[in-house]
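Readers should treat all values here as calculations from the given coordinates under stated rules, not as data from a laboratory. For clarity, every value in this text was computed on a predicted model and none was experimentally measured. Every residue, glycine among them, receives a Cβ derived from its backbone with ideal geometry; neighbour counts consider all protein chains shown.
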Amino acid sequence: MASKHPDIAPIREALTKAASAVKDSKAASKLADASAFKQISPKHLGIAAVLVALGIVLGWGLSQLGSGPAAPDGSAEGEKRILYWVAPMDPKFRKDSPGKSPMGMDLIPVYEGAEPGAGGGDEKALQISPAVVNNMGVRTADVVRRTLNLQINTVGFIVPDDELTRDVHVRSEGWIEKLMVKTAGERIKKGELLFKLYSRALTNAQAEYVQALKIGRQALANAARTRLEALGMSERQIQQVSKESKPSNLVDVYAPQDGYVVELNVREGMFIQPDTTVFILADLSSVWVMVEVYEDQANLVRAGQKAEMRLRFIPGKIWEGTVDYVYPTIDPQSRTVRVRLQFKNPGEQLKPNMYAEITIQGQAKENVLTIPRDALIRSGKSERVILALGEGRFRPAQVVSGMESGDQMEIVVGLREGERVVSSGQFLLDSEASLDASLLRMVDPSEKSGADPDDETNIEAVGVVEEMKTADGKLNITHDPIPAIGWPTMTMDFRIGKEVELTDLKTGDRIQFTLKRDRELGDFVISSISKTGAEAGAGGPQ
């Protein structure tokens, strides 16, 4: 065909320019001004017009043969329908047509299948693309049941065991004529000579005893002997006086036990009295460690619990001891409770005033729901986690946490075994989800990880009235832990039974109340209530 029409190349070039000009209605005028048309003869122009018409007819026929019914609203097959338009910075602002947001930004369309909650599940959720999830570094973990061993980590200082510490005093005033122990810190054995004492009272008492023995007055001798014992002389020293039949001007004072001299308060030649502490001896074969725990952990510590101690300058070594005593008072400044631990010290590596890191092993709780500690989001009085629903879908859930052990956290209310929570990247997801408050899954007060009491069980509890909502038939109460239903300390609304009287009750009262499950409401209702302690007496008849 090229040989019969050698001038077809100019025609093709003209057709190409014509097609590009037709696509843009604003550029239609360019067709008349195309320079190629000026170079084409009338004969060639006619051939081009015929070819264009033939192409249009063929294209229309093929489209009719291969196309089905037209898509509704003029959209092509497979194209997603626009549901509504939202503001880029405020998804709560919606319109049915394009426009501007209150901030002056163009609204963006939300397509069918991409709206919040879409993604194959019935739950409303936040939809995130897999690429964004990967870039955020999101990691998830299962909600599992396990035995949770309570661990309380704290620090403390080593001190001598008071039960193995002895003060050395004299029972009559006198002078130290010869001091055998010169410095504090010396190691002393039981029965070792500490110093020689001259005491006028002891010398006179010895003389009376010797005189009574010489004249054969046994009653007088027994009285004198008793006086010597009261003044601190030992049985062996009294026998020595009796054997020699003469008083000794210097009386030896011996160590009452093994130990180290932790205090030396005298010097040779010093005058001392009975109230003078001459020595303090401490046996370091066993030591105490004094630690402090926060007041909310104090009730979890009991005497007899195991404890572990580590010293930074002896890495790798762990000392095992026990909780010896939990003090009954709280320090008003630090709001902590003192706890005394006891550790054996056979090699005497542990010395007073050493700094130690302590781990107290509390009582284990079995069959509790747990999540990684990092998965829990705390903000004020609220606690929540981000649930991973699969396929890039997430939503926040309100929870109530319990005890913490290592990197695990107990969840009392709000989660079920087998669910998955976000343990890394959850704060970014939480920030995004906070734009839509309806995504938050609220806590069901009747939901818990412990055993479920039957409808007839009366559950006793105590708490403080925070707000009287008598118009709604409710009280807002901050209650103490309720072990019967596995609830920790919480502030929440309780419904009031019809038979409960609230005439003498006011905000701030500490109360004791009884809970009973209501079958119709499916929730706990207060069936009885009374004031406790001094408030109950104050509220009575005058």
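Some observations on this one:
- Globularity index of the stretch 459-538, i.e. its alpha-carbon radius of gyration over 2.2 N^0.38 Å: 1.02
- Percentage relative contact order, the stretch 168-266, counting C-alpha pairs under 8 Å, at least six apart: 44
- Under the combined filter of DSSP loop state and at most 12 neighbouring Cβ atoms within 10 Å, the stretch 294-347 retains these trypsin sites (Lys or Arg not before Pro): 302, 312, 317, 335.
- Along each principal axis, taking the top coordinate minus the bottom one, the Cα set of the stretch 228-386 gives 92, 35, 29 Å in descending order.
- Ranked list, fewest to most other Cβ atoms within 10 Å of each Cβ, for 147, 370, 183: 183, 147, 370
- Estimated D of the stretch 245-330 in µm² per second, where Rh is the Kirkwood radius over Cα pairs and Stokes-Einstein applies at 25 °C, 0.890 mPa s: 137
- Cα Rg over Rh - the stretch 168-266, Kirkwood: 1.04
- Amide H to amide H, with H built 1.01 Å from N, residue 525 comes under 5 Å of 516, 517, 518, counting only residues 5 or more places away or on other chains.
- Using a cutoff of 8 angstrom between alpha carbon atoms and counting only pairs six or more residues apart, the relative contact order for the stretch 94-213 works out to 13 percent.
- The stretch 459-538: antiparallel DSSP beta bridges as a percent of all, rounded to 5: 95
- The stretch 197-339: relative contact order as a whole-number percent, Cα under 8 Å and 6+ apart: 17
- In the stretch 168-266, lysine pairs closer than 14 Å at Cα, eight or more apart or cross-chain: 4
- Between residue 378 and residue 146, the modelled labels are 2.0 nm apart [label points 7 Å from Cα along Cα→Cβ].
- In plain terms, the residue of 275, 142 with the fewest other Cβ atoms within 10 Å comes first and the most crowded comes last, giving 275, 142.
- Proxy reagent accessibility, fewest Cβ within 10 Å first, across 258, 331: 331, 258
- When the stretch 247-289 is reduced to its Cα atoms, the Kirkwood hydrodynamic radius in Å: 12.7
- For residue 241, the shell of other residues with beta-carbons less than 14 Å away shows a net charge of +1, using +1 for Lys and Arg and -1 for Asp and Glu.
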